[in-house]
Amino acid sequence: MKTLLLLTAPPTTRLAWHSVALAQQLLQQGASVQVFFYQDAVSIANRLCWRPADEPSLAAAWRALHIELPVCVSAALLRGVSDHDNATRHGLSTDNLAEGFRLTGLGELAEQVLNADRVIHL
């Protein structure tokens, strides 16, 4: 069964942590899991968000799953998250997309929804 996790919760909420835990559990059970970071969840991919050394990193938790980590480019740019190409294209001073994440369009989300057996919005 293919499961798509559509993530919209900001990284400061419990729901953001529950979503990565759900993905871990599904993967451990052998399920096929895809994710899409949208709306406020794109902030998870901001490598400039500082965390104290004694607190876990949500971005690192997602990277540890070794799955694709697509991020909506429009939502990301609106919230100050950019890769190198978009920073150059839009005249931004730097990029800040965390390692392992990639910017993409909503066309990829549409394709994921079509190919998923179930979609869970978190």
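The values are calculated or read from the model by the stated rules, or taken from the named source; none is laboratory data. In this text, all values refer to a predicted model and were calculated from it rather than measured experimentally. Every residue, glycine among them, receives a Cβ derived from its backbone with ideal geometry; neighbour counts consider all protein chains shown. SASA here: full protein model, heavy atoms, side chains in, ligands and nucleic acids out. Shrake-Rupley method; radii C 1.70, N 1.55, O 1.52, S 1.80 Å.
The table below lists the values:
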| item | result |
| --- | --- |
| Region 109-119, residues that are acidic (Asp, Glu) and in contact (Cβ under 8 Å) with a residue 12 or more places away in the chain | Asp117 |
| Residue list for region 42-61, restricted to those being assigned to a helix (DSSP H, G or I) and of a type in the set (A, V, I, L, M, F, W, C) | Val42, Ile44, Ala45, Leu58, Ala59, Ala60, Ala61 |
| Which numbered condition Ala53 misses (of (1) within 12 Å of the chain's Cα centre (by Cα); (2) over 20 Å from Asp95 (Cα atoms)) | (1) |
| Complete set of residues in region 13-35 that are part of a loop (DSSP other than H, G, I, E, B) and either loosely packed, with under 12 Cβ neighbours inside 10 Å or at positive phi (or both) | Gln29, Gly30 |
| Subset tally (residues that are more than 12 Å from the chain's Cα centre (by Cα), at negative phi and among the small types (Gly, Ala, Ser)) for region 62-90 | 4 |
| Subset of region 75-108 that is aliphatic (A, V, I, L, M) and touching a residue at least 40 places away in the same chain (Cβ under 8 Å) - its residue that is surrounded by the fewest Cβ atoms within 10 Å (Cβ to Cβ) | Ala98 |
| Hits in region 85-113 (condition: outside any loop (DSSP other than H, G, I, E, B), closer than 20 Å to Trp50 by Cα and not aliphatic (A, V, I, L, M)) | Arg102 |
| Qualifying residue in region 1-9 (condition: open to solvent by 80 Å² or more (accessible area, probe 1.4 Å), in a strand (DSSP E or B) and farther than 16 Å from Phe101 by Cβ) | yes |
| Of the criteria (1) over 14 Å from the mean Cα position of the chain (by Cα); (2) more than 17 Å from Ile120 (Cα to Cα); (3) open to solvent by less than 70 Å² (accessible area, probe 1.4 Å), which one Ala59 fails | (1) |
| Filtered residue count, region 62-74, keeping only those that are open to solvent by 10 Å² or more (accessible area, probe 1.4 Å) and assigned to a loop (DSSP other than H, G, I, E, B) | 5 |
| Region 36-56 - residue that is out of contact with any Ser or Thr (no Cβ under 8 Å at 6 or more places or on another chain) and open to solvent by less than 70 Å² (accessible area, probe 1.4 Å) and, of those, modelled with the lowest pLDDT | Pro52 |
| Scope region 14-35; condition over 17 Å from Glu68 (Cβ atoms) and either at pLDDT below 95 or not polar (S, T, N, Q) (or both); matching residues | Arg14, Leu15, Ala16, Trp17, His18, Ala21, Gly30 |
